[in-house]
1. Residues of segment 146-161 being basic (Lys, Arg) and surrounded by fewer than 16 Cβ atoms within 10 Å (Cβ to Cβ), which ones?
2. Consider PHE153 carefully, then state whether it is under 27 Å from LEU16 (Cα atoms), of a type in the set (Phe, Trp, Tyr), away from ligand 1 (no atom under 16 Å from the Cβ) and at pLDDT 95 or above.
3. Going residue by residue through segment 82-105, is there one that turns out to be charged (D, E, K, R) and more than 30 Å from GLU157 (Cβ to Cβ)?
4. Quick one: would you say ILE75 is under 23 Å from the mean Cα position of the chain (by Cα) and buried (at least 20 other Cβ atoms within 10 Å of the Cβ)?
5. Scan segment 239-256 and tell me whether some residue there is closer than 26 Å to ILE37 by Cβ, in a helix (DSSP H, G or I), away from ligand 1 (no atom under 12 Å from the Cβ) and modelled with pLDDT of 95 or more.
6. Suppose we filter ILE20, ILE25, ILE37 for residues that are assigned to a strand (DSSP E or B) and in contact (Cβ under 8 Å) with a residue 60 or more places away in the chain; which single one remains?
7. Taking into account only those residues within segment 88-118 that are away from ligand 2 (no atom under 16 Å from the Cβ) and buried (at least 22 other Cβ atoms within 10 Å of the Cβ), which is nearest to the chain's Cα centre (by Cα)?
8. Limited to segment 289-342, what total is found for residues that are among the hydroxyl-bearing types (Ser, Thr, Tyr) and either surrounded by 16 or more Cβ atoms within 10 Å (Cβ to Cβ) or without any contact (Cβ under 8 Å) to a residue 40 or more places away in the chain (or both)?
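The values are calculated or read from the model by the stated rules, or taken from the named source; none is laboratory data. Just so we're clear, the structure is a prediction, and the values are computed from it rather than from any experiment. Every residue, glycine as well, gets a Cβ built from its backbone with ideal geometry; the counts of neighbours run over all protein chains shown.
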Amino acid sequence: MKELTILKPDDWHLHLREGIVLKNIIRFTSEFFGRAIVMPNTKKPITTIKECISYKKSISEALSINSTFEPLMTIYLTDETVKNEIIEGFNNKVFFAAKLYPANVTTNSSQGVKKIENLHEIFEVMQELGMPLLIHGEVTDPEVDIFDREEVFIDKELSPLIQKFPKLKIVLEHITTSHAVDFVQENNLGATITPHHLHINRNAMFFGGLNSDFYCLPVAKRENNRIALRKAATSGKECFFLGTDSAPHLRQWKAFCGCAGIFNSPVAIESYIKVFEEENALNQFEKFASLNGPNFYNLPFNTEKIRLVPKLNEIPEFIQVIEKNKVVGQIKPFHGGETLTWRVEGVIK
Ligand code: NCD
Ligand code: ZN
């Protein structure tokens, strides 16, 4: 087995959280990724320019002094979002994109959008500006089976939206179904694919009893969907790119309330590359990780490179959260307790 050198990747969907968690976890992304789109679903969501600037500042302060990592910030859309905030925030490069969470669809989304039609004026403006719309694509109707929520969203909400705003730049985030894979390709959208949806199907949540470690939203689906996602990610097709949806929750919360989210940033690159190796597609990895995203977003490629070597890599059961030299919590990483077979050895300038 040979080592691999690729252009530095970017993470096009990331939850960095705030405060002490942010300070403890940011290094897992900033070390080997050039940029990341930072999700705005903080406890009090990022709905204004002012909040966004202040959140970006706290992210910059959490980075090591000579870090070149660039956070790309987003605004959290609500029924009250106003046009001018979008225009000013985008034109002044405060917002890179806007995130649409249907209200109550996932973690910290209670202030999300109640009715997508309420935002038509905003989409009109975004379409004109060329501002990307990032969508958590699930309906929230409790009558719809949780395993069908992505498909129903695509048919009932996304399809009409695309008809009405054909030039709007849309990314369907963390896709989980073969239906989404087909839809994205047929409609010239972009899509992020997470490492966990490439590795697990819905059985994981019930393996050895109820297991919230594998609970995230959208939930993992049946095996045929996982296979379709693996095929899409490793196809090299431009519309599919890396977005970890790394979403840390402190162990005490995850164990207590089973909140949705999988923390994968400490192992993201190694986790993805395992899939590409298994699919005999190592030659497509750089496209998915480092080229397709910048192409979609019209950004330059990163110039630094990372070196990946086939080496045993024991993943710790937990990542400690440390404050003033004391352990104040822990977070379970994806693949925690497993031994992976690749390791990122370093950055080449
Ligand atoms: C994310 C979180 O915890 O913020 N959770 C998740 O299960 N993916 C939110 C999200 O992206 O849905
Ligand atoms: Zn997310």
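1. Going through segment 146-161, the residues basic (Lys, Arg) turn out to be 149, 156.
Of everything in segment 146-161, just one residue is basic (Lys, Arg) and surrounded by fewer than 16 Cβ atoms within 10 Å (Cβ to Cβ), namely LYS156.
2. Numbers: under 27 Å from LEU16 (Cα atoms): yes; of a type in the set (Phe, Trp, Tyr): yes; away from ligand 1 (no atom under 16 Å from the Cβ): no; at pLDDT 95 or above: yes.
No; evaluated as a whole, the condition is false for this residue.
3. The answer is no; no qualifying residue exists.
4. Values: under 23 Å from the mean Cα position of the chain (by Cα): yes; buried (at least 20 other Cβ atoms within 10 Å of the Cβ): yes.
Considered against the rule, which asks whether it is under 23 Å from the mean Cα position of the chain (by Cα) and buried (at least 20 other Cβ atoms within 10 Å of the Cβ), ILE75 comes out as yes.
5. No: zero hits.
6. Values: ILE20 fails: assigned to a strand (DSSP E or B); ILE25 fails: assigned to a strand (DSSP E or B).
Unique residue meeting the criteria: ILE37.
7. Kept after step one, since they are away from ligand 2 (no atom under 16 Å from the Cβ), are these residues of segment 88-118: 88-95, 114-118.
Now narrow it down to the ones that are buried (at least 22 other Cβ atoms within 10 Å of the Cβ): 89, 95.
Numbers: GLY89: 22, PHE95: 17 Å.
So the residue we want is PHE95.
8. Filtering segment 289-342 down to residues among the hydroxyl-bearing types (Ser, Thr, Tyr) leaves 290, 297, 303, 339, 341.
Going one step further and asking which of them are either surrounded by 16 or more Cβ atoms within 10 Å (Cβ to Cβ) or without any contact (Cβ under 8 Å) to a residue 40 or more places away in the chain (or both), we end up with 290, 297, 339.
Residues flagged as among the hydroxyl-bearing types (Ser, Thr, Tyr) and either surrounded by 16 or more Cβ atoms within 10 Å (Cβ to Cβ) or without any contact (Cβ under 8 Å) to a residue 40 or more places away in the chain (or both) within segment 289-342 amount to 3.
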